[in-house]
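Structure first, then comments.
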Number of protein chains: 2
Amino acid sequence: MSLIILGSVAFDALETPFGKTDKIVGGAASYAAIAASYVYDAVKIVGVVGEDFGEDNLSKFTRKNIDISGIQVKAGEKSFFWSGKYHNDMNTRDTLVTELNVLGDFDPVIPESYQDATYILLGNLSPQVQLTALQRLKQRPKLVVMDTMNFWMDVALDRLKEVLKQVDVLTINDEEARQLSGEYSLVKAAEAILNMGPKYLIIKKGEHGALLFGEGKIFVAPALPLAEVFDPTGAGDTFAGGFIGYLANKGTVNFENMKSAVIYGSALASFCVEKFGTERIEELTVQQIKERTEIFSTLTSFVI
Amino acid sequence: MSLIILGSVAFDALETPFGKTDKIVGGAASYAAIAASYVYDAVKIVGVVGEDFGEDNLSKFTRKNIDISGIQVKAGEKSFFWSGKYHNDMNTRDTLVTELNVLGDFDPVIPESYQDATYILLGNLSPQVQLTALQRLKQRPKLVVMDTMNFWMDVALDRLKEVLKQVDVLTINDEEARQLSGEYSLVKAAEAILNMGPKYLIIKKGEHGALLFGEGKIFVAPALPLAEVFDPTGAGDTFAGGFIGYLANKGTVNFENMKSAVIYGSALASFCVEKFGTERIEELTVQQIKERTEIFSTLTSFVI
């Protein structure tokens with residue numbers, strides 16, 4: 001019984017209207033694993049870093065009891081590095097630097113101790129790597145959640161569709177849902193995407209919340225209305241980690257639990273954007289997360 | 001005890017990806033009054049039409065027991081006419097024709113029988129006309145709701161701000177909230193706008209739902225996820241009419257009732273976009289509206 005988080009473990013350098021950072025820890029798996037660790041005990045990362053990543057940065061995970069035996073450390077090589085600058089509206093950004101480094105030929109290794117996984121998040125990485133990781137599990141986990149992005153739709157659509165056939169839940173944003181389906185209406189897009197394999201689809205709409213589709217039902221989750229988004233980097237990964245962590249904790253996968261998991265993930269993502277990188281989500285308490293999810297209840301409850 | 005709906009009563013010619021219409025009945029007051037009539041008995045329009053409007057079209061209102069004694073019929077003149085074409089995404093449109101006609105020098109007349117009004121919707125019209133109508137009421141209604149649009153912010157901002165000081169609730173869309181406040185964040189925009197006079201602000205976000213701000217609280221209302229938006233014309237007016245009609249019915253103005261009113265307005269707006277013009281909202285039953293509001297409950301309910 002464990003939860004595998006596959007994804008990049010990396011360095012980011014970020015610039016927003018509020019400030020800029022030097023190289024800080026980033027990567028989909030970093031955000032997702034830290035988020036999941038608040039609600040589930042047996043979180044295990046599969047990833048790769050260079051020699052430059054260092055023990056100190058790895059301790060961000062071990063401090064949260066996250067298993068890092070699936071993180072390969074490549075001697076003499078450098079970690080994946082991404083640098084980006086957000087525009088004033090925080091919804092658009094320019095990529096300044098992308099250095100693939102160790103991610104260029106990442107061959108995911110699943111340690112024997114990970115083979116008990118019942119949940120897996122295939123975090124945003126090339127569809128080929130996602131597929132390989134899944135194939136290297138001797139037993140298919142009970143729930144496979146996949147995150148991806150428009151880049152992979154542009155350069156590896158066929159392989160992406162191959163992975164899609166094997167996943168239970170896909171999480172993408174609204175523009176990506178439109179691109180993948182060719183449909184403008186998100187309801188039609190969801191219908192088309194659910195025909196590609198996943199049983200559930202989550203469409204992330206940033207400040208407009210999220211939509212969950214599956215079992216012929218729809219759930220509309222709000223986003224927390226925020227006065228300021230300090231740094232949106234990693235919010236989607238944090239969401240995905242909180243989402244699957246919540247389900248792993250519950251142990252039962254159904255639409256009702258998925259709704260709660262979407263709220264849990266949204267609450268964690270709302271913390272993520274309050275500071276640069278993983279800073280805010282590293283320092284949370286269970287009580288703070290509980291209070292935030294209660295705000296989500298208050299925000300949307302009504303009687304008619 | 002009555003509800004006054006001030007606004008345009010007009011002809012529209014519409015073109016959407018699904019088809020086009022000849023001149024059909026449109027105008028903010030038309031949509032809002034019909035919407036309000038499902039939940040409140042004493043709905044009264046203040047507006048102006050030309051001789052071309054005709055008894056047949058006026059019967060759309062009287063059939064719903066809407067009082068039209070405040071609609072001036074100008075002999076020998078023509079009704080306001082707007083023609084527009086929606087793009088494929090349905091979120092943007094081109095105005096093809098705007099003929100002000102009788103609206104050009106509209107001087108709103110409040111019949112004596114309207115002076116018992118306890119609720120008034122200042123539908124989208126020039127701020128000067130909204131102000132005049134309000135001033136002609138001998139007693140200030142218990143609740144004044146104002147709808148407006150970016151056009152008036154461009155050409156009559158000072159007068160618009162003068163009206164704002166006298167209203168209880170403002171309804172605008174997200175882009176308009178940003179324009180009016182100069183703030184990108186909707187939370188900051190709301191704060192700025194609530195400092196301009198209104199006690200409550202509703203920000204309409206189309207397919208992303210609506211936000212209600214007031215009493216230091218926030219309510220996030222979903223939109224119904226729709227496979228197809230046939231014609232978005234009048235959805236905002238329908239929302240405003242359903243909203244104020246619901247409150248007039250309840251008789252008590254507080255945040256809890258406002259939340260329900262937002263849902264009621266959203267439910268009516270979700271019908272509006274299913275057909276051209278007022279066609280769909282003319283033919284509703286109370287039971288259909290009830291079922292639609294129950295869908296809104298189901299869409300957003302969760303346990304955590």
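Readers should treat all values here as calculations from the given coordinates under stated rules, not as data from a laboratory. Because the structure is a prediction, the values reported are computed rather than measured. Counting neighbours? That spans all protein chains shown, and the Cβs are built from the backbone with ideal geometry, glycine included.
Here the residues B:Ile4, A:Ile295, A:Ile66, ranked from fewest to most Cβ neighbours within 10 Å of their Cβ, fall in the order A:Ile295, A:Ile66, B:Ile4. Counting charges near A:Arg140 (Lys, Arg +1; Asp, Glu -1) among other residues having Cβ under 14 Å from its Cβ returns a value of +3. How much net charge surrounds A:Cys272 when only the other residues with a Cβ under 11 Å from the Cβ of A:Cys272 are counted, with Lys and Arg +1 and Asp and Glu -1? Once positives and negatives cancel, what remains is -3.
Between A:Lys165 and A:Asp116, the modelled label-to-label distance comes to 3.3 nm, taking each label 7 Å out from Cα in the direction of the beta carbon.
Regarding the stretch B:129-244, what's the average projected area of the Cα-atom convex hull, expressed in nm²? Let's see the in-between values first.
Working: hull surface 31.0 nm².
Spelled out: convex hull of the Cα atoms, projected over all directions, averaged, 7.8 nm².
Using just the helices of chain B, give the 222 nm mean residue ellipticity in deg cm²/dmol: DSSP H runs with n ≥ 4 each add -39,500 (n - 2.57), and the total is spread over all residues, rounded to 500.
Per the formula, -11000 deg cm²/dmol.
When A:Met196 is represented by a point 7 angstrom out along its Cα-to-C-beta vector, the spacings to that point in the other copies are 4.2 nm, nearest first. For chain B, the relative contact order comes to 18 percent (Cα pairs under 8 Å, sequence separation of at least 6). Considering only A:Asn88, A:Asn249, A:Asn195, the mean-square fluctuation computed in a Gaussian network model of chain A, springs between alpha carbons under 10 angstrom, is largest for A:Asn88.
Each copy carries a label point for B:Ile304 at 7 Å from Cα along the beta-carbon vector; from one copy to the others these points are 2.2 nm apart, nearest first. Computed from the Cβ-Cβ distance with R0 of 51 Å, the FRET efficiency linking A:Leu157 to B:Phe255 stands at 0.60. Applying 1/(1 + (r/R0)^6) with r as the Cβ-Cβ distance of B:Thr92 and A:Asp94 and R0 = 35 angstrom yields a FRET efficiency of 0.90.
Each of B:Thr293, B:Thr233 was scored by other Cβ atoms within 10 Å of its Cβ. Arranged with the fewest first, they read B:Thr293, B:Thr233. Projecting 7 Å from Cα along the Cα-to-Cβ direction, the label point of B:Gln128 sits 6.9 nm from its equivalents in the other copies, listed shortest first. Choose one answer from A:Asn254, A:Asn173, A:Asn65: the residue with the largest mean-square fluctuation in a GNM of chain A with alpha-carbon springs under 10 Å. Looking only at A:Asn254, A:Asn173, A:Asn65, the biggest GNM fluctuation is shown by A:Asn254. Among A:Met258, B:Met149, the order by Cβ neighbours within 10 angstrom, fewest to most, reads B:Met149, A:Met258. Comparing B:Gly26, B:Gly197, B:Gly54 in a Gaussian network model of chain B, where Cα atoms under 10 Å apart are tied by springs, the biggest mean-square fluctuation is seen for B:Gly54.
Spin-label model, A:Asn65 to A:Asn150: label points 7 Å out along the Cα-to-beta-carbon direction sit 4.0 nm apart.
Here chain A carries DSSP beta bridges of which approximately 40% are antiparallel, counting only pairs with both residues inside.
A:Phe11: net charge of surrounding residues, Cβ under 11 Å, Lys/Arg +1, Asp/Glu -1, itself excluded? Every neighbour counted, the sum reads -2.
Approximating the spin labels as points 7 Å out from Cα along Cα→Cβ, the A:Tyr184-to-A:Leu137 distance works out to 3.8 nm.
Within the straight-line cut-off of under 21 Å between alpha carbons, the lysines reachable from B:Lys259 are B:Lys142, B:Lys188, B:Lys199, B:Lys204, B:Lys205, B:Lys217, B:Lys250, B:Lys290, sequence neighbours fewer than 8 places apart in one chain being disregarded. Paramagnetic label reach from B:Glu175 (point 7 Å along Cα→Cβ; backbone nitrogen cut-off under 17 Å): within the stretch B:94-133, residues B:94-97.
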